[in-house]
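Quick notes on the structure that follows.
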Amino acid sequence: MKWQALFVVLVFNCTNIFSQVKSIEGVIMNTERKFLPGATVRLLTQDSIPVSATTTNTKGKFRFTNISTSAYVLSVSYVGYKTLYTTISTANDAHSVILPAIFLLPEKEKQLDEIVVTAKRPLIQQDIDKTVVNVEAIPGSSGSNAYELLGKSPGVIADENGNIALNGKANILVLIDGRQVYMSGQDLATYLKSLPGVMLDKIELVDNPAARYDAAGGAVINIRLKKSRQAGLTGNVNAGVTQGRTFRTNESLNLNYNAGKVNWFGNAGYSRGANYVITDERREYFNAGGAMISVLDLYNKNYIYNHSFSSRLGFDYSIFPKTTIGMQLRSQLIPRKENYRLVTDNYDNTFNLDSVQTGSSGSKTDWKNYGINFNFQQKFKENINELLIDLNYIRYSSDGERWFHNDVAIPGALPHNTEKFEYRLLSGIKIYNFKADYTHELKSRLSIEAGVKLSLAKNNNDSRHYNMVNNVSHPDYGQSNHFLYDENINAGYISARRSGKRWGVQAGLRVENTVITGNQLGNPVVPGSRFTQNFTDFFPSIFFNYKPDSSGKNNLNISYTNRIIRPGYQLFNPFMIFRDHYSSNAGNPALKPVYRQSVELVWQHRQFLSLRTGIAESRGLMLQVMERTDSILITRPVNLSNEKTAWATIILNYKLRRWWTTYYWVQFMFVKREGIVNNERFSVENFSQQYYLNNIFSWNKDWTADFGLNINGRELIGSMVRKPRFHINASIQKKMLKNKGTVLLGAEDIFHTWKSNYGIIGVPQVNATQLFEFDSQRVRLTFSYRFGDEKFLRKRRHNDNAADPETGRVQ
């Protein structure tokens with residue numbers, strides 16, 4: 001406990017490090033001397049580096065606190081008015097700088113000798129503890145879905161199996177508006193693919209999450225949806241079609257109505273999803289002496305179709321000038337169908353065909369998600385201090401059926417073994433949580449933040465197996481399973497943040513207690529079993545920021561974090577799930593969480609260049625590994641001893657010409673994993689490189705085009721090694737209808753090279769390779785149009801982040 005006490009002392013003594021600073025305040029009006037509530041006020045260095053930002057209150061007032069002595073540029077923007085830029089200085093003896101009233105001119109009025117600067121958010125913005133990707137700056141974002149936009153974000157890999165990684169870190173915690181989506185794998189991918197890209201505002205990439213975030217996950221990706229801040233009725237409508245080998249559509253409507261103290265917002269969307277996945281696999285089996293026994297060639301072709309209906313409705317109500325309550329309702333329905341064909345050729349050790357197995361299967365699943373959120377915001381002391389409270393209830397349910405038909409035949413003969421069976425798959429998850437966060441600003445640019453969170457997740461999964469004999473179903477209790485899983489996490493944290501003229505520090509400590517109960521209910525054939533886990537952990541984090549020059553052109557960040565990676569709920573279920581006659585999946589009730597420590601150094605030069613390097617160590621690394629039982633490969637999660645990782649990343653954003661901007665991202669990573677797999681010592685090393693290059697071309701103000709190249713080197717994916725691959729994308733878009741409409745035509749994976757070629761490692765006496773192909777080569781056409789009164793801004797922006805960590809672990 002010595003280091004914990006030392007860490008707490010560090011948090012509370014960082015208040016004596018930096019020099020005295022100032023505050024800046026003022027009021028924003030129009031030419032009729034009317035206050036402009038909700039105006040966006042930004043404080044920039046003289047080199048346009050962001051320092052701070054805020055919005056005006058109901059009386060048009062704003063205030064920046066903890067500002068060091070220097071010269072700044074003040075930017076004031078308001079929809080329907082011209083953006084104003086003015087230079088201010090804090091170089092006087094007064095502790096508070098009070099500016100004279102600032103007046104904005106309507107856009108239609110002329111102002112002599114004025115230089116109007118049109119601000120556009122950059123693709124990448126770097127904060128002390130996260131990287132922000134502005135979705136509107138991603139080429140072709142309006143025609144993409146959320147999952148595809150993740151794959152276009154720097155350092156993010158989103159593959160065809162639903163695996164998401166950030167800068168080499170797997171087990172990513174994915175949040176939507178700060179709320180965890182309680183899904184993982186293909187379920188999470190399906191959900192994200194149903195969200196049109198035009199609904200996204202920004203993507204926050206948090207490599208090393210601070211104490212205010214849940215400690216779970218290797219890293220955090222927070223997807224922020226758009227909420228209009230404009231008064232009156234505003235909105236946008238979007239429609240798009242995508243054609244590859246399969247046909248897809250997406251349509252959405254977003255509305256916002258601001259009526260003074262009450263702001264209503266909502267959206268509704270529909271998408272038709274479709275895909276195909278072809279798996280071509282070869283397995284070679286050997287005996288203990290190394291002699292080949294048999295060979296399997298497995299060819300699977302799977303067509304997937306789904307419809308997605310989503311909706312969200314909410315309001316913010318300003319009871320008093322500093323008190324706001326809000327509520328959100330959201331729902332999503334995804335009916336899904338799959339058609340599956342299998343052909344397996346079984347050869348002997350001399351490559352003579354032994355038998356041929358042909359099979360087919362189909363499935364129908366109705367997936368539903370409902371959620372309700374209540375939130376409360378109370379500001380204190382001229383909107384400086386703040387209390388946020390969130391209360392959430394989220395429910396997921398799935399009702400599915402899957403049927404199988406298999407025939408086995410000897411070459412030249414009729415099928416001699418026919419098998420038919422089906423599954424009924426019922427699952428439900430209920431999540432309850434409460435979260436409260438309080439931020440308190442002190443003198444000398446010091447802020448303290450503290451909070452608590454209580455969460456309870458209850459899982460109920462019922463898998464019923466039936467054998468079909470003469471078209472009559474008979475229960476097979478040996479293949480049926482009913483699994484209950486409850487998880488209760490209680491957490492609290494405290495953090496401190498302070499900034500000086502050139503230095504900044506943020507440090508925090510989070511403590512979490514976890515209680516887990518798993519119960520596999522018995523039946524007439526399978527006995528029941530139970531397990532429990534109860535543990536408490538401490539998670540420190542610290543971030544340092546240094547500006548080598550007074551202008552803020554360069555920034556240096558150093559961070560240390562300690563994280564936990566919790567297994568997905570279904571990974572504890574020990575029951576074996578049938579995939580085909582040669583492949584099965586099973587859980588592991590003995591799974592333990594993974595603990596990961598990491599240190600990262602980031603140097604940022606304006607928005608032009610960013611260099612990142614870091615090291616990390618994971619104890620008890622959790623991997624999906626394969627074990628052999630005769631000719632069957634069973635995939636099961638296990639804990640290895642450790643993983644060590646080192647990486648270096650270069651991000652370059654440069655304007656080559658007035659009409660040509662290039663964005664370049666490259667990463668080099670070394671990974672070493674060690675442990676015991678299949679009762680043998682397991683050790684593997686890999687050095688990988690990833691490259692992403694995107695060129696953006698703009699001309700005639702209304703036209704934009706982009707050309708992108710993505711290259712992934714050799715990668716470790718669980719117990720498999722994926723060979724290098726690449727893809728090329730391009731798009732062109734035009735603004736129309738007074739810049740309120742946009743039409744886009746794009747092409748993805750032009751040469752259809754985004755295929756995955758795997759080699760399986762760590763399975764004794766088995767040599768296996770897999771080739772995955774899916775519907776990545778496609779053309780898309782999209783149209784979007786915004787409408788409504790664009791004169792005023794909303795007063796409030798709620799983070800919506802209480803239920804984030806739980807939702808990312810649903811399978």
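Measure up Lys59/Lys381; Lys301/Lys337; Lys152/Lys735; Lys61/Lys130; Lys226/Lys655; Lys723/Lys755 against 18 Å on the Cα-Cα distance and list the ones that go over. Pairs exceeding the cut-off: Lys152/Lys735; Lys61/Lys130; Lys226/Lys655. The simple Förster model, with R0 at 56 Å and r as the Cβ-Cβ distance, assigns Ile278 and Thr58 a FRET efficiency of 0.40. The relative contact order of the chain, computed from alpha carbon pairs under 8 Å that lie at least 6 residues apart in sequence, is 13 percent.
Taken one residue at a time, the phi angles of segment 497-509 give Karplus couplings (6.51, -1.76, 1.60, θ = phi - 60°) of 9, 9, 10, x, 5, 10, 10, x, 9, 9, 9, x, 9 Hz. Gly and Pro are set to x. Relative to the longest principal axis of the Cα atoms of the chain, helix 2-13 runs at roughly 30 degrees. Rounded, prolate or oblate, given the Cα gyration tensor of the chain, with a/c below 1.5 counting as rounded? Taking the square roots of the gyration eigenvalues as a ≥ b ≥ c, the chain is prolate.
Residues whose amide H comes within less than 5 Å of that of Lys501, counting only those at least five positions distant or on another chain, are Ser19 (H built at 1.01 Å from N in the peptide plane). Surface composition of the chain: carbon plus sulfur atoms hold 57% of the accessible area, using a 1.4 angstrom probe and ignoring ligands, DNA and RNA. For Asn167, the residues whose modelled amide H falls within less than 5 Å of its own, excluding neighbours fewer than 5 places apart on the same chain, are Val156, Ile157. For the pair Ser551 and Thr769, the difference between a 0.36 nm per residue extended length and the Cα-Cα distance amounts to 73.0 nm. Using R₀ = 22 Å, calculate the FRET efficiency as 1/(1 + (r/R₀)^6) where r is the Cβ-Cβ separation of Thr418 and Asp354; round to 0.05. Efficiency, from the Cβ-Cβ distance: 0.75.
Here the chain carries DSSP beta bridges of which approximately 95% are antiparallel, counting only pairs with both residues inside.
Computed per residue of the chain from DSSP H runs no shorter than four, each worth -39500 (n - 2.57), the mean residue ellipticity at 222 nm is -1000 deg cm²/dmol. Remark: the Phe286-Thr662 segment gains 130.2 nm on full extension, using 0.36 nm per residue and subtracting the alpha carbon distance. Rounded to the nearest 20 debye, the dipole size of segment 690-785 about its Cα centre is 320 debye, using +1 on the Cβ of Lys and Arg and -1 on the Cβ of Asp and Glu. Amide H contacts under 5 Å for Asn523: Gly528, restricted to partners 5 or more places along the chain or on a different chain, H placed in the peptide plane at 1.01 Å from N.
In a simple Cβ point-charge model (Lys, Arg +1; Asp, Glu -1; nothing else charged), the chain has a dipole of about 3040 debye relative to its Cα centre.
Label-to-label distance for Ser683 and Leu425 is 3.9 nm, based on points extended 7 Å past Cα in the beta-carbon direction. On a per residue basis, the chain carries 44 Å² of accessible surface, using protein heavy atoms and a 1.4 Å probe.
The values are calculated or read from the model by the stated rules, or taken from the named source; none is laboratory data. What you see is a predicted model; the values in this text were computed from it and never measured. Virtual Cβ from ideal backbone geometry, glycine too; neighbours counted across all protein chains shown. Heads up: the accessible areas ignore ligands, DNA and RNA and are worked out on the full protein's heavy atoms, side chains in. Shrake-Rupley method; radii C 1.70, N 1.55, O 1.52, S 1.80 Å.
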